[in-house]
Amino acid sequence: MKNLVINCGSSSVKYQLFDMATEKVLTQGLVERIGIPGSGIKHTKTGMDTLARVIDFPTHNEAVKYVLNLLIDPIYGVIKSFDEISAVGHRIVHGGESLIKPTLVTEEVINKLEKLIPLAPLHNPGHLQGIFAIMDILPNVPNVIVMDTAFHQTMPPKAYIYGIDYKYYEENQIRKYGFHGTSHEYVSKRAGQILGKPFESLKIISCHLGNGSSLTAVKNGECIDTSMGLSPLEGIVMGTRSGDICPGVILFLMRQLRDVELVSDALQKKGGLLGISGISSDLRDIEIAAQKGNKRALLAQEKLIYCIQKYIGAYTVAMEGVDVIIFTAGIGENGVDFRKEVCAKLECLGVKIDVDKNNCRGKEVIISTPDSKVTVMVIPTNEELTIARETLQCMEEQK
Ligand code: AMP
C-alpha cells in the first residue's frame, strides 16, 4: 500500500510517496515557481542523486501531471502503475472550524474549502489546485485532507477568542486557529513514546522553530493554547513575519502606506528577523553577523530568544506546570547554541541542560540532565509521515 503526500503552495508542489508497510519514503520532490518564469522540478528517488530540471509549468495541473509521470518513469520512478497509489493525502493549512479531522474529499468538502479561502487567501487556493489536479489525473484514487489547524481545535474559547466585537467571531469566524498542528501532534506523541509515558498524562510545550515558528501547550494529550492565530502571523517573531504586534502598529502602517498589500508585505515578508536585522531571515546568517558585532543582528537574535522564553513561561502557568519541552524544525533541531541560550533563562522552572547532549543536530535526543525538573528534548518533526498515516487511518475508517 502506497500513499502519496502532496503539499501545494500558491506556486509550489512538494510531494513524498510512502510505502505504508514500512513507512519508508520511496521518492520525494519539489516543483517551484509554478506560473512564474523559471519554474522547475527537483526529484529524488531514495538512494539516487537528485534530478533537477527546468521546465515550464503554467499551472498546478501540469506540475502534478509531470510528478505523477516521474513516479512511473522506468529510471526515476518507483512504481509500475498508478494503481499502486492507494490514496493521496493533502496538507491543508486552514480548515477553519468546519474541517477538524482528516477527511475524505467530496464535493461538499471542496465547497467548505472554497468557503474558507477568505481565512487563508495565500494557502487554500493552492491546496484546491492540487486536489483538482489529482482528481483530474487520477480520478479513481481517493483524496484525503489533513489540516494544520486540526490539532488546535481542542483549545478552550478563552484561548481562541479575540478581544473584539463577538459578531466578528459569529459572522466571520475571526478567532485564533493555530498552525503547524501536524508537527506539534507528531512530536508530542513521539515524546510520550520515547519517555515511555502516556501522551495523555503529560504537560508538554512543543516549540516548532523554523522559518515559520509556533509554540503549543499540550495538556493531557490536547492542545490548550498555541502561539499562531487567525493566520500564521501571530506569535513569536519569525524569519520574515512580525509575530505579536500592537494593533496600533497596523493602523499606523495603513495610514502611512495606504495600501493593504504593502502593509501585508511589511508584516509578512519584510518583518521578523529580516526586518529587525536588515541582514537575513535565516538564523544562521544572523548568528554569524551577531558574533561579528552587528548590533541589529544581535537584537534580532535576542528578540527571538526572549519571545520563546516568554511563551514558555506563559504556557507553564496556563498548564499549571510543564513536564516536557520539545525543540523541533530547522532552528529547534539544529540550533545548538540557540537552544542553550533559550534554556539558560528557564533555570527558574528547574530546567537543566546537559551541554554535551545538547551538542546534537537533527536527531532524537533528551538534552536535559537526569535531575532536571523538566525533560527537554530535540525531536525532528515529520509532517509528511503524519499526513500519510492519517490518510491511511481515514481510508480504513471508510471501510
Ligand atoms: P525550516 O523552516 O524548518 O526548514 O527551518 C529553516 C530555518 O532553520 C532556517 O531559516 C535557519 O534559520 C534555521 N537553521 C537551520 N540550521 C540551523 C543551525 N545549524 N543553526 C541555527 N539555525 C538553523
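The values are calculated or read from the model by the stated rules, or taken from the named source; none is laboratory data. Predicted model, so just to flag it, every value in this text is computed and none were measured. So basically every Cβ, Gly included, is an ideal-geometry build from the backbone, and we count neighbours across all protein chains shown.
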Worksheet item: So which residues in the stretch 331-352 are touching a Ser or Thr at 6+ places or on another chain (Cβ under 9 Å) and either within 16 Å of the ligand (Cβ to nearest atom) or not aliphatic (A, V, I, L, M) (or both)?
Response: I331, G332, E333, C343, G350, K352
Practice prompt. For the stretch 1-36, name all the residues that are surrounded by fewer than 23 Cβ atoms within 10 Å (Cβ to Cβ), modelled with pLDDT under 95 and over 16 Å from L51 (Cα atoms).
Written response: M1, N7, G9, S10, S11, S12, R33, G35, I36
Worksheet item: How do the pairs read when you match residues in the stretch 183-207 that are touching a residue at least 24 places away in the same chain (Cβ under 8 Å) with residues anywhere that are crowded, with 20+ Cβ neighbours inside 10 Å and of a type in the set (K, R), using Cβ under 8 Å and keeping only pairs 6 or more apart or on different chains?
Response: K203/K219; I204/K219
Worksheet entry | Cβ pairs under 8 Å, 6+ apart, first in the stretch 231-244 and more than 12 Å from S264 (Cβ to Cβ) and of a type in the set (G, A, S), second away from the ligand (no atom under 16 Å from the Cβ) and assigned to a loop (DSSP other than H, G, I, E, B) | G235/G229; G235/D244; G243/E234
Worksheet item: Pick from G321, G293, G362: which is at pLDDT below 95 and part of a loop (DSSP other than H, G, I, E, B)?
Response: G362
Discussion item. Taking the conditions exactly as written (buried (at least 19 other Cβ atoms within 10 Å of the Cβ) and among the aromatic types (F, W, Y)), does F179 satisfy them or not?
Written reply: yes
Discussion item. Given the criteria closer than 23 Å to R284 by Cα, under 23 Å from the mean Cα position of the chain (by Cα) and either surrounded by 22 or more Cβ atoms within 10 Å (Cβ to Cβ) or of a type in the set (G, A, S) (or both), does T381 qualify?
Written reply: yes
Worksheet item: Taking the stretch 278-289, which residues are in a helix (DSSP H, G or I), without any contact (Cβ under 8 Å) to a residue 24 or more places away in the chain and within 12 Å of the ligand (Cβ to nearest atom)?
Response: R284, D285, I286, I288
Discussion item. Could you list, ordered by first residue, the pairs with Cβ atoms under 8 Å in which the first is in the stretch 330-342 and farther than 10 Å from L209 by Cα and touching a residue at least 12 places away in the same chain (Cβ under 8 Å) and the second is aliphatic (A, V, I, L, M) and near the ligand (Cβ under 6 Å from one of its atoms), at least 6 apart or interchain?
Written reply: F338/L283; F338/I331
Worksheet entry | Answer from L304, L262 - the residue that is in contact with a helix residue (DSSP H, G or I) (Cβ under 9 Å, 6 or more places away or on another chain), more than 16 Å from the ligand (Cβ to nearest atom) and in a helix (DSSP H, G or I) | L262
Response to the item:
Within the stretch 217-236, of all residues that are surrounded by 23 or more Cβ atoms within 10 Å (Cβ to Cβ) and of a type in the set (V, I, T), the one nearest to S201 (Cα to Cα) is V218
